[in-house]
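Note sheet for the following structure.
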Amino acid sequence: MDREPPKAAVRGRGAAINPANRFERVAATPDWSQVVDEEDFQTPAPQTQFFPDQSKSILSHNDSPDIAFSYSINPYRGCEHGCSYCYARPTHEYLGMNAGLDFESRIMVKYDAAKLFREALCDPAWKGELVVLSGVTDCYQPIERKLKLTRSLLEVALEARQPIGIITKNALVARDVDLLAQLAEKRLTEVFVSVTSLDDELIGQLEPRTSRPAARLRAIKTLAAHNVPVGVMVAPIIPGLNDHEAPQILAAAKEAGAKRAGFVYLRLPQAVAPMFLAWLETHRPLAKKKVEALIRDARDGKLNKSQFGERMKATGAYADSFKTTFRAFCRKLGLNEERFELDSSQFRPPRAANGQGWLF
């Protein structure tokens, strides 16, 4: 008789399975019928590997009506944070890898990120439009502590007076408060720190290699103390799992110094769906049926809607009730009362990568 695959989590990883790459014709499937001892069901945790990314450009452009910015930079492809629900996981399939453990353990690194950014800003057609760091993967994931690619991008932005937005789940962003404070003084930056839950145990399972909640709140406090405009993203909202925490998260972020707040309702595109459902089965089996039903309720019975203009929207009675509650608490706490407008009029091309200066 065929045996069931293991349900145990991979220690330190958000994905317990490696779904087949949708672009590959051949996929390997473990033969669990040969397993004798239950201990053999444990999948060994892979060591993180880093590979050079040979991209020739650094700015990514999008024309989606669902996203509030047009340009972004991701110095890393793949993300060691390992968030089990991450919508970016399927992007690794374009690299010939999978959206599961490969996404969080085989990271592509753009070592030339600062050089490529400088070249992009020297393009005569560039006018200083907002650029967001972490449009897909987190620019402050663990390896950033060593490589400092994000910091080098901020240095180029400061030199060019280029507006920069940041979204991150890592308290490491506070390391660069010196640069961020200088950018903020010129109205050139705004930072959003994502806080999914205040429950350390849940975060350790859901987002295994991110900063813990208290550290993220400390990062908000540090940024606010240096007059860096900072907000909180309560994201993603997973109905039936963390949605009840939103008022407490908003209050904690406000106390730490956040001025703005937003949220993103969970969606599960492509290979993310089976992985997150497997995560629920492993870590929250009693809540799995309820959570899945509520996710579908917000997406017309589906786990994801991919159409432009629809993919980021959550509808239905439960989702509408959450939106009302979220906005009410934001008003009560005085969040989102003002919008920080970044100033692109100060932009000036940086010194060219070859060291050549500008005459005019």
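The values are calculated or read from the model by the stated rules, or taken from the named source; none is laboratory data. Everything numeric here is computed off the predicted structure, so don't read it as measured data. As a convention, Cβ positions derive from the backbone with ideal geometry for all residues, glycine included, and neighbour counts pool all protein chains shown.
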Q.
Going through LEU206, LEU202 one at a time, which residue ends up being touching a Phe, Trp or Tyr at 6+ places or on another chain (Cβ under 8 Å) and in contact (Cβ under 8 Å) with a residue 40 or more places away in the chain?
A. LEU206
**Q.** Selection within region 151-196 - touching a Phe, Trp or Tyr at 6+ places or on another chain (Cβ under 6 Å), within 30 Å of LEU266 (Cα to Cα) and β-branched (Val, Ile, Thr)
**A.** ILE167, THR168, VAL173
Q: Return yes when GLU207 is within 21 Å of the chain's Cα centre (by Cα), surrounded by 17 or more Cβ atoms within 10 Å (Cβ to Cβ), of a type in the set (Asp, Glu) and over 26 Å from ALA45 (Cα atoms) and no when it is not.
A: no
Q. What are the pairs, 6+ residues apart or on separate chains, where a residue within region 132-144 that is in a helix (DSSP H, G or I) has its Cβ under 6 Å from a residue that is surrounded by 24 or more Cβ atoms within 10 Å (Cβ to Cβ)?
A. GLU144/THR150
Q: Please specify each residue of region 321-354 satisfying the condition of being among the small types (Gly, Ala, Ser) and farther than 22 Å from PHE69 by Cα.
A: SER321, ALA328, GLY334, ALA352, ALA353
Q: Being among the hydrophobic types (A, V, I, L, M, F, W, C) and surrounded by 23 or more Cβ atoms within 10 Å (Cβ to Cβ) is the filter here, so list the residues in region 73-100 that pass it.
A: ILE73, CYS79, CYS83, CYS86, ALA99
(Q) Tell me yes or no: at least one residue of region 59-75 is out of contact with any helix residue (DSSP H, G or I) (no Cβ under 7 Å at 6 or more places or on another chain), over 18 Å from PHE347 (Cβ atoms) and among the charged types (D, E, K, R). (A) yes
Q. Does ARG187 satisfy the criteria of being surrounded by fewer than 24 Cβ atoms within 10 Å (Cβ to Cβ), within 23 Å of LEU121 (Cβ to Cβ), more than 20 Å from the chain's Cα centre (by Cα) and touching a residue at least 24 places away in the same chain (Cβ under 8 Å)?
A. yes
Q.
With in contact with a helix residue (DSSP H, G or I) (Cβ under 8 Å, 6 or more places away or on another chain), among the charged types (D, E, K, R) and modelled with pLDDT under 70 as the only criterion, which of LYS7, LYS56 stands out?
A. LYS7
Q. Taking region 74-90, which residues are part of a helix (DSSP H, G or I) and within 11 Å of the chain's Cα centre (by Cα)?
A. ARG89
Q: Residues being in a helix (DSSP H, G or I) and within 18 Å of GLN141 (Cβ to Cβ): count how many of those fall in region 91-116.
A: 10
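Can you find even one residue in region 95-111 that is of a type in the set (Lys, Arg) and under 30 Å from PRO350 (Cα atoms)?
Within region 95-111, the first condition is being of a type in the set (Lys, Arg), and the residues that meet it are 106, 110.
Right, trim to under 30 Å from PRO350 (Cα atoms) and you get 110.
Yes, there is a match, as at least one residue in region 95-111 is of a type in the set (Lys, Arg) and under 30 Å from PRO350 (Cα atoms).
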Q) With LEU130, LEU172 as the choices, which residue is at pLDDT 95 or above, surrounded by fewer than 21 Cβ atoms within 10 Å (Cβ to Cβ) and under 16 Å from PRO229 (Cβ atoms)? A) LEU130
